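Here's the structure, in structure tokens; my notes come after.
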Amino acid sequence: MARLIAKTLVVALAGLLLALDPGAGRGEAAPPAKEKRPAYNATPAEMAKYEATARKVFDDLLAHLTPEERAGLPADRAWPPEFEVIENAGTEQEPDYYNAFAWWQFDAGGNVLVKDGKRILAVKITRGYLDIIDGNEHALALILGHELGHHLLGHVGRPPQTKPAAKDAMDGHRREADADLFGARLMLRAGYSVRQAVAAKWRGMERVGHLYSPAGGVCTSHPATADRAARLTALLAAPAAPLWRSMAAFENGVTFLTVEDYAAAELCFERVAREFPACYEAWANLGYARLMRYCGTLSPAALRELEVGHLVGTGAYQTAGSLVRASNTKLWEQAKVDLERAVRLNPKAAPALASLGLLHLVHPTGKAAGIGDAERYLAAAVAALDAEAGVDGQTRLTLLVNLGAARIAAGRPAEGKRLLEQARELARKVYPTADYWPDEFASALAFNTAVAMTAEGEVAAAARLFEAYLQNTAPTNRWWAVAYARYADLCRELGKTVRPRDELAGRTQLRRRLTVTVAAGTVHLGQPVAEALGVLGAPTRVTAEKGASGIRRLRFERHGVELVADDDEVYAVVVIAESGPGVPVSEVGPDGRELGTLRVGMTRKQVREVLRGRPVVDRSLTTFREEFEYYPGLGVAVKYDGDGPGAAVVAVVVAQLGNRTGVMTN
Ligand SMILES: [Zn+2]
């Protein structure tokens, strides 16, 4: 899920924003933490109906189990499981309002309940989950059938094991795929529609931003949503399989946007747009990816003269057009064509309209040439935003912040501030607590709010907010220097001491690597194996990993790389030869520095120079016999031919191996 992507800065900043919230000053009592669950769309009467439907579907599924399926139940367990609808599937500290799970039934003391000498099982689903799928019985059959599968396939209560991370992820994905298939067969037997279920579940998950792409999902326990849907539909020989495959490409593209790999995102959205030319979302995102690449070519020094605020763009930002000198005009033109096409396909596509607005703010021939169009598109985006039902909460938040920033840039701070306040209010509805706010959103909200406060003479509050922004935002962010200059001005105005830059600057984050590029093209984590073979050609050698069933290493001498994969997807890309590709290391943000390139043959000393001061941990990939030095923030592991600073790199691995030592599963 989206939270997989680095998420470290938001807490203090969001807390400060809440403290500064005008509503909080009017004596509203803060609700206790455990009541901060999302508001349901359903009325209490509807919710009661959803719960009754869930119970009916659960009983229905139990009645349609075959004797063979029932026989899978381990002998020490009572049947059937107890079914419950609950509020929160997580803990009080880390709530999880949208989930279902198969587990033991515990008593208050944490002991497994026993009946007639057999342990009692449970299947539970949260009210939030019922809410986002609107109590759809097909979706419920898929979800609950999956959980019954976990019980009858013996997945619950396996002894805890410590496994290499990639192996653990693969085993986890296989269990999930098995449970999906079990659930799908069961629900079909009981007369439900898999296709309706997948569609309803998809819509629901999308509503709360729980979709994560195959590339982002590689190191999580469950495979990505599109992946599971693709496998299901393929297994059931449904004609919709190519559709879901494209959806997977779309999700990959979104992940690449999140990690600022705009070139890779372009490839993904191009593929979707080619296969489904009427998909305006693909054109909008393609245009957006190109716009971001274009913005990356703008000079950061010019920002100081700009009065355009911090815009949310999954880590990339806009600047105004008067500065565009050495920029790539062609890319701007291409972005314009894509976005206009998206708008022709759907004249009310709010994200595309907003991107067009931003595009015109960075017009290659100057701000004056674009400001009229920018205002027009942004106004249209606001109108469309209110009309378009399909826009999810996160998109709406992004648009509100960007539109607010644009209004402030156009010299209308009061209007801008109103939009930012709307965004803050909406964020409280979309996320259970402020801890869940995306970093980029919280940063942009703070920056722009501080700018508006300055304009309205609230100098002390603005200075405090800029200070929090500086401490919680990476200094490589191109707005950081602008914020510092504004903060220093405000401090001088207030007669306060200006804290030095170094004291405020947090640590810079690295851009997570998910791809490796060889002469023939790019391969990425989570990619279907068949697609990666399309890039790399036939492997020179295929080796099955001993003791790690289903995992193979595919070697491509010509490219100097190996893939670690199972039958379905790529889990790691390993550079194995000096002639192989380099793996670049850079900081996040459009002004993030290139720190160097990791290659086979470098010494440990050279690698450490590139990654100076970054935390490194020991990790295994597919077997504990083989150890790597892993940089979690980067997502790259390195293997040497010995100890000491002079040892040479023999392998550079792009993989998501997690932050913890080993992975406990149960
Ligand atoms: Zn599961």
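The values are calculated or read from the model by the stated rules, or taken from the named source; none is laboratory data. All figures in this text were calculated on a predicted structure; none of them were measured in a lab. Note: areas computed on protein heavy atoms with side chains; ligands, DNA, RNA excluded. Shrake-Rupley method; radii C 1.70, N 1.55, O 1.52, S 1.80 Å.
Name the long-range amide H neighbours of residue 572: under 5 Å, sequence gap of 5 or more, or other chain; modelled H, no Pro or chain starts.
564
With the full set of protein chains in place, find how many percent of the accessible area of segment 90-134 is carbon and sulfur; take the probe as 1.4 Å.
44 percent
Ignoring everything but the protein chains, give the 1.4 Å probe accessible area of residue 628 in square angstrom, nearest 10.
In the full protein context, residue 628 sits at about 10 Å².
Do any of 336/429; 124/201; 56/429 go past 28 Å between their Cα atoms, and which?
Exceeds cut-off: 336/429; 56/429.
To the nearest 10 square angstrom, what accessible area does residue 449 show with a 1.4 Å probe?
Its heavy atoms expose roughly 10 Å² to the probe.
From largest accessible area down, sort 125, 86; use a 1.4 Å probe on the protein chains.
From most exposed to least exposed: 86, 125.
With every protein chain left in place, what is the accessible area per residue of segment 554-652 in square angstrom, probe 1.4 Å?
Ligands and nucleic acids excluded, the result is 41 Å² per residue.
When ligands, DNA and RNA are left out and all protein chains stay put, how many square angstrom of accessible area per residue does segment 67-162 have with a 1.4 Å probe?
It amounts to 44 Å² per residue over segment 67-162.
Quick one: what are the phi-derived ³J(HN,Hα) couplings along segment 634-649, Karplus 6.51/-1.76/1.60 with θ = phi - 60°, whole Hz, x for glycine and proline?
For segment 634-649, the Karplus curve yields 9, x, 9, 10, 10, 10, 10, 8, x, 9, x, x, x, 4, 9, 5 Hz.
I need to check one value: relative contact order of segment 560-647, counting alpha carbon pairs closer than 8 Å and at least 6 residues apart, in percent.
17 percent
In whole Hz, what ³J(HN,Hα) sequence does segment 119-132 give by Karplus (6.51, -1.76, 1.60; θ = phi - 60°), x for Gly and Pro?
Residue by residue, segment 119-132 yields 6, 8, 9, 9, 10, 10, 9, 8, 5, x, 5, 4, 5, 6 Hz.
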